[in-house]
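> This is the structure, below, for whatever I ask next.
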Amino acid sequence: MWDKPRCTFCEKEIKGDEVVFVKMRYPKRKGFTEVKAYLRNEGTFICEECFNQKLK
Ligand SMILES: [Zn+2]
């Protein structure tokens, strides 16, 4: 099962339907299945609030 994703900066739990930004290294081999697996292991989630703050 997928761990509950949390924002890297404020550690707020990401809820379903929320807008999130994901920072990740794109896998060398192409393919969506691999990207999904990659997200689970390597993805870093940033909530919209923190993302907007970073832009200021
Ligand atoms: Zn946040």
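The values are calculated or read from the model by the stated rules, or taken from the named source; none is laboratory data. Just so we're clear, the structure is a prediction, and the values are computed from it rather than from any experiment. All Cβ positions, even for glycine, are placed from backbone atoms using ideal geometry, and neighbour counts span all protein chains on display. When the accessible area is computed, the model is the full protein with side chains, heavy atoms only, and any ligands, DNA or RNA have been set aside. Shrake-Rupley method; radii C 1.70, N 1.55, O 1.52, S 1.80 Å.
> Within the range 12-42, can you find the residues that are surrounded by 10 or more Cβ atoms within 10 Å (Cβ to Cβ) and among the basic types (Lys, Arg)?
Once the filter is applied, which keeps residues that are surrounded by 10 or more Cβ atoms within 10 Å (Cβ to Cβ) and among the basic types (Lys, Arg), the range 12-42 yields LYS12, LYS15, LYS23, LYS36, ARG40.
> Separate question: I'd like the full set of residues that are over 22 Å from LYS54 (Cα atoms) and either among the basic types (Lys, Arg) or at pLDDT 85 or above (or both), limited to the range 17-36.
Correct list: LYS28, ARG29, LYS30, LYS36.
> Now for a different question. Considering only residues of the range 19-39 that are β-branched (Val, Ile, Thr) and more than 11 Å from the chain's Cα centre (by Cα), which is nearest to PRO5 (Cα to Cα)?
Of everything passing the filter in the range 19-39, VAL35 is nearest to PRO5 (Cα to Cα).
> Right, PHE9: open to solvent by 50 Å² or more (accessible area, probe 1.4 Å), assigned to a loop (DSSP other than H, G, I, E, B), of a type in the set (Phe, Trp, Tyr) and on the phi < 0 side of the Ramachandran plot or not?
Yes; evaluated as a whole, the condition is true for this residue.
> Which members of the range 12-55 meet the condition of being among the β-branched types (Val, Ile, Thr), within 14 Å of the ligand (Cβ to nearest atom) and not in a loop (DSSP other than H, G, I, E, B)?
Scanning the range 12-55 gives VAL20, VAL22, THR44, ILE46.
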